[in-house]
Amino acid sequence: MNTVFPVPLKPVIQPPAMVEETLGVEERVTLKARIKTLMAQQDAVLVAHYYTSADLQDLAEETGGCVSDSLEMARFGHAHPAKTLIVAGVKVMGETAKILNPEKRVVMPDLQADCSLDLACPADEFAAFCDAHPDRLSVVYANTSAAVKARADWVVTSGIAARIVKHLHRQGHKLLWAPDRHLGDYVQRISGADMLLWQGSCVVHEAFKAEALKKLHLDYPNAAVLVHPESPESVIALADVVGSTTQLIEAVRTLPNPEFIVATDNGIFHKMRAVASGKILLEAPTAGEGATCTSCAHCPWMAMNGLRKLAAVLESSEGGKNGGNEIHIEESIRARARLSIQKMLDFAAAEKAGQPPLGD
């Protein structure tokens, strides 16, 4: 135990080796054409996270899909009439799509695309955490399994977490938070809420180093520093903007700075370049004192997604060689998880409509 995080530190999750898909021009064109045909035949739409490859992000936009953060991916997939949802991201995002859309077929390019936050928060251990603190509401980050979401009272994303926690704090609730300790610490500091924090972390964001970031900023004094709140407190302290992926992209688009140092997965650079083509983007350092980086500024699980795998999934018949790429969730778990996700979606909808915050 320690005084800052009164929950035992979780074991470090070892990420897989980084293997990124590389395609020649001709193969890329052929694959995309084939995938578009198969998507039309199967009434499918593609939702892709900002951290996936440029090829998948481009394909999603070219076919009327969505490239966004996890909250907007969930909203878009739920609202879209397609019978098949293709989710390019990590497995928990595919599970969220299935939780909200049980009547739809939900597939992913690779079901081995895990997440260190999910892996560090097993459902049985999280349930024991909740049972040990029955006086607290549980709030979990979206990068958790369906079973953890089913046990939680609320699900949040990084873009909405602080606002929901502030709301619950104003209502007098004490909270449990899981699984990202850095995001939880950030939310706790800006909300003032009484929170016990689970000890998971993102292998990408935890690798950013504050001292190396300070040195890089000296070389680029006109750069704005953009930091995702899954990063360590020492890195967040150096930020000009702290926010979700969507908020960081908006910062690049709107701020006048000619340069940006970005502390999040470098997959986001594709969208940042699209909205601000004349600006210089620099990766925040992952090297420096205490560095143990194996994934650095890109998630190896996100990199498992690719056009070849997507084409193979769509080409395989149900039950065939690649048939295992469909998401299935036991109904009792799905129904309970839906409740905790729906609270977040209802809260966001009420905010957008300018209505009073919803109850707990």
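The values are calculated or read from the model by the stated rules, or taken from the named source; none is laboratory data. No experiment lies behind these values; they were computed from the predicted model shown. Cβ coordinates were reconstructed from backbone atoms using ideal geometry, including for glycine residues, and neighbour counts include every protein chain displayed. Ligands, DNA and RNA are excluded from the accessible area calculation, which covers all protein heavy atoms including side chains. Shrake-Rupley method; radii C 1.70, N 1.55, O 1.52, S 1.80 Å.
Quick notes on this one:
- Whether segment 16-170 is rounded, prolate or oblate, judged on the alpha carbon gyration tensor where a/c under 1.5 counts as rounded: prolate
- Highest-fluctuation residue, Ser70, Ser234, Ser53 considered, GNM on the chain with Cα pairs under 10 Å: Ser234
- Surface accessible to a 1.4 Å probe, Arg105 within the full protein complex, Å²: 70
- Under-14-angstrom lysine pairs by C-alpha in segment 75-170, whenever the two are 8 or more apart or on separate chains: 4
- Divide the volume of the convex hull around the Cα atoms of segment 177-271 by the residue count and you get 99 Å³ per residue.
- Of the GluC sites (Glu not before Pro) found in segment 49-127, those that fall in a DSSP loop while having at most 13 other beta-carbon atoms within 10 Å are Glu103.
- Check: segment 100-143 dipole with +1 on Lys, Arg Cβ and -1 on Asp, Glu Cβ, in debye: 220
- By average C-beta atoms within 10 angstrom, highest first, the peptides 132-139, 21-28: 132-139, 21-28
- Debye intensity ratio I(q)/I(0), log10, segment 88-160, q values 0.16, 0.20 Å⁻¹ (C-alpha model): -0.59, -0.87
- Subtracting the Cα-Cα distance of Lys83 and Glu330 from their residue separation scaled by 0.36 nm leaves 87.0 nm.
- DSSP finds beta bridges in the chain, and of those with both partners inside it, around 5 percent are antiparallel.
- Between Glu62 and Leu111, the C-beta separation translates, for a Förster distance of 25 Å, into a calculated FRET efficiency of about 0.55.
- The GNM of the chain, with springs linking C-alpha atoms under 10 angstrom apart, assigns the highest mean-square fluctuation among His205, His169, His49 to His169.
- Farthest positive-ward along the chain dipole, Cα basis, beta-carbon charges - from Tyr186, Met73, Met93: Met73
- Relative contact order computed over segment 122-217 (Cα-Cα under 8 Å; 6+ residues apart), in percent: 23
- Here the accessible area is traced with a 1.4 Å probe on the protein chains. For the chain, carbon and sulfur cover 53 percent of it.
- Comparing Gln112, Val242, Leu216 along the charge dipole axis of the chain, the residue lying farthest to the positive side is Val242, per the Cβ-charge model.
- For the chain: accessible area per residue (Å², 1.4 Å): 42
- Gaussian network model of the chain, Cα within-10 Å springs - most flexible of Leu339, Leu307, Leu218: Leu218
- Kyte-Doolittle at least -0.5, axis length at least 20 Å by Cα - qualifying DSSP helices, the chain: 25-41, 331-352
- Segment Lys215-Thr22, length gained on full extension (0.36 nm per residue, minus Cα span): 66.2 nm
- The magnitude of the dipole of the chain, with charges of +1 and -1 set on the Cβ of Lys/Arg and Asp/Glu and taken from the Cα centre, is near 580 debye.
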